[in-house]
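Have a look at the structure below, then the notes.
The values are calculated or read from the model by the stated rules, or taken from the named source; none is laboratory data. Since the structure is predicted, the reported quantities are computational estimates derived from the model, not experimental observations. Cβ atoms come from the backbone with ideal geometry, glycine included; neighbour counts cover every protein chain shown.
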Amino acid sequence: MHNDAFRPVSGFDLPRFAGIPTFMRLPHVPLGDPRISEVHVGLIGAPWDGGTTNRPGPRHGPRQLRDASTMIRAQNGVSGVRPFEMVNCADLGDVPPNPADLMDSLKRMEDYFDRVRAAGIVPLTAGGDHLCTLPILRALAKGRPLGMIHFDSHTDLFHSYFNGSLYTHGTPFRRAVEEGLLDPARVCMIGIRGTAYDSEDRDFARSVGIRVIPIEEFHARGTADVMAEARAIAGAGPTYVSYDIDFIDPAYAPGTGTPEVGGPTSWQALEVVRMLEGVQIVGADLVEVSPPFDPSGGTAYLGVSVMFELLCMIARVLRP
Ligand code: MN
Ligand code: MN
């Protein structure tokens with residue numbers, strides 16, 4: 001099943017600062033390449049931030065995340081999982097968005113992820129802003145709604161911005177519920193905090209049965225207890241995992257457009273992903289890393305570390 005051609009380049013063979021920086025030093029296998037039929041997990045860049053309402057920059061995320069990801073080694077330091085030996089992973093390259101046209105970008109991304117799904121590949125996507133998740137869900141949820149575990153300091157459940165604009169990075173999950181892409185009873189949002197415009201998003205969550213775990217509850221209960229509930233909510237059905245880097249406290253992840261203080265540490269940020277054991281993950285993303293606000297590169301490194309934890313969980317779903 002596993003093919004050595006999909007092994008990342010090791011730092012023992014070529015220094016980590018050398019070579020062309022693909023995600024985690026994996027081979028670049030774009031859709032259309034004959035090797036694509038052997039790929040199980042595709043790492044994909046979504047360099048688009050047309051849904052951003054405040055400080056922009058995540059369009060530059062995939063390139064910086066690829067560079068930072070050359071630091072990732074083969075084995076999980078805690079679980080010992082070696083994902084690259086369990087499943088064939090590849091860098092599929094970037095979704096081609098249209099920075100001049102929001103609706104066209106959503107269509108291009110949906111078409112791209114339709115092809116990823118048709119190829120039987122589980123996508124692990126690096127954003128991009130959080131609106132990128134909507135076209136991914138449109139592709140992955142065709143035929144049946146998905147559950148979702150969502151790490152973020154915001155619900156992204158608002159109805160609209162600027163007097164009726166329906167498509168922003170603050171609205172993707174409102175659209176996803178309206179379009180039947182998510183089963184609200186199987187959706188759990190974790191880490192929600194910060195000052196708010198009003199309670200419209202939380203009221204909507206309550207009205208459709210989405211479970212919101214605000215940060216004060218997260219800190220009071222601890223990660224293990226919260227994640228046990230999240231796993232129970234997702235249940236045994238197909239589930240998407242969406243991870244906004246602003247879930248993490250800006251002391252650790254300042255390089256993002258809409259930071260909120262009082263969040264989880266970098267340790268907790270990784271720990272919650274390791275606690276997704278048993279969740280039937282059909283796709284995942286890490287969004288909202290904004291390199292212009294990340295001069296140290298630390299946010300990008302934390303982002304790819306989260307992506308590696310997600311990859312380890314996906315590998316365990318595919319090869320239990
Ligand atoms: Mn978000
Ligand atoms: Mn957010």
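One residue alone among 251, 234 is of a type in the set (A, V, I, L, M), free of Cβ contacts under 8 Å to residues at least 40 places away in the same chain and away from ligand 1 (no atom under 16 Å from the Cβ), and that residue is 251. In the set 117, 138, 63, 59, only one residue is within 26 Å of residue 3 (Cβ to Cβ) and modelled with pLDDT of 95 or more; that residue is 117. In the set 223, 258, only one residue is within 14 Å of ligand 1 (Cβ to nearest atom), touching an Asp or Glu at 6+ places or on another chain (Cβ under 7 Å) and touching a residue at least 12 places away in the same chain (Cβ under 8 Å); that residue is 258. Taking first residues from segment 201-212 that are under 16 Å from residue 153 (Cα atoms) and partners that are surrounded by fewer than 17 Cβ atoms within 10 Å (Cβ to Cβ) and basic (Lys, Arg), the Cβ contacts under 9 Å between residues at least 6 apart in sequence or on separate chains come to 212/206. Of all the criteria given as (1) at negative phi; (2) touching a Gly at 6+ places or on another chain (Cβ under 7 Å); (3) surrounded by fewer than 21 Cβ atoms within 10 Å (Cβ to Cβ), the one not satisfied by residue 211 is (2). Within segment 151-166, residues that are within 14 Å of residue 199 (Cα to Cα) and modelled with pLDDT of 95 or more reach partners that are of a type in the set (Ser, Thr, Tyr) and within 13 Å of ligand 1 (Cβ to nearest atom) with beta carbons closer than 6 Å, at six or more positions or on different chains, in the pairs 158/171. Of the helices (runs of 4 or more DSSP H) entirely within segment 147-251, those holding at least 3 residues that are over 26 Å from residue 268 (Cβ atoms) occupy 172-178, 200-208.
Among residues of segment 261-270 being under 22 Å from residue 225 (Cβ atoms) and assigned to a loop (DSSP other than H, G, I, E, B), the one that is nearest to ligand 2 (Cβ to nearest atom) is 263.
Confirm whether residue 289 is closer than 17 Å to residue 232 by Cα and within 16 Å of ligand 2 (Cβ to nearest atom).
Working: closer than 17 Å to residue 232 by Cα: no; within 16 Å of ligand 2 (Cβ to nearest atom): yes.
For residue 289, the condition - closer than 17 Å to residue 232 by Cα and within 16 Å of ligand 2 (Cβ to nearest atom) - is not met.
Close contacts from segment 275-303, counting a first residue that is under 14 Å from residue 246 (Cβ atoms) and a second that is in a strand (DSSP E or B), with Cβ to Cβ under 6 Å and a gap of 6+ residues or different chains, come to 285/125; 285/242; 286/126; 286/243; 287/127; 287/244; 288/244; 303/286.
Take segment 116-133 and flag every residue that is outside any helix (DSSP H, G or I) and either within 16 Å of ligand 2 (Cβ to nearest atom) or in contact with a Phe, Trp or Tyr (Cβ under 9 Å, 6 or more places away or on another chain) (or both). Let's see the steps before the verdict.
The initial filter retains those residues of segment 116-133 that are outside any helix (DSSP H, G or I), namely 119-129.
Matches in segment 116-133: 123, 124, 125, 126, 127, 128, 129.
Scanning segment 75-113 for residues that are in a loop (DSSP other than H, G, I, E, B) and surrounded by fewer than 16 Cβ atoms within 10 Å (Cβ to Cβ) gives 75, 77, 78, 79, 80, 82, 96, 98, 99, 100, 101. Among the residues making up segment 155-166, those that are touching a helix residue (DSSP H, G or I) at 6+ places or on another chain (Cβ under 7 Å) and within 16 Å of ligand 2 (Cβ to nearest atom) are 155, 156, 157, 158.
Sort out which residues of segment 1-44 are small (Gly, Ala, Ser) and in a helix (DSSP H, G or I), and write them in order of number. Write out each step before concluding.
Going residue by residue through segment 1-44, those that are small (Gly, Ala, Ser) are 5, 10-11, 18-19, 32, 37, 42.
5, 37, listed by residue number.
Considering only segment 274-320, state which residues are of a type in the set (Val, Ile, Thr), within 16 Å of ligand 1 (Cβ to nearest atom) and in a helix (DSSP H, G or I). Scanning segment 274-320 gives 299, 306. If we scan segment 66-79, do we find a residue that is more than 28 Å from residue 171 (Cβ to Cβ), free of Cβ contacts under 8 Å to residues at least 24 places away in the same chain and not aromatic (Phe, Trp, Tyr)? Scanning segment 66-79, I find at least one residue that is more than 28 Å from residue 171 (Cβ to Cβ), free of Cβ contacts under 8 Å to residues at least 24 places away in the same chain and not aromatic (Phe, Trp, Tyr), so the answer is yes.
Yes/no matrix, rows are residues, columns are (1) free of Cβ contacts under 8 Å to residues at least 12 places away in the same chain; (2) closer than 16 Å to residue 311 by Cβ; (3) among the hydroxyl-bearing types (Ser, Thr, Tyr); (4) in contact with a Leu (Cβ under 6 Å, 6 or more places away or on another chain):
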{"position": "84", "(1), (2), (3), (4)": "no, yes, no, no"}
{"position": "95", "(1), (2), (3), (4)": "no, no, no, no"}
{"position": "104", "(1), (2), (3), (4)": "yes, no, no, no"}
{"position": "110", "(1), (2), (3), (4)": "no, no, no, no"}
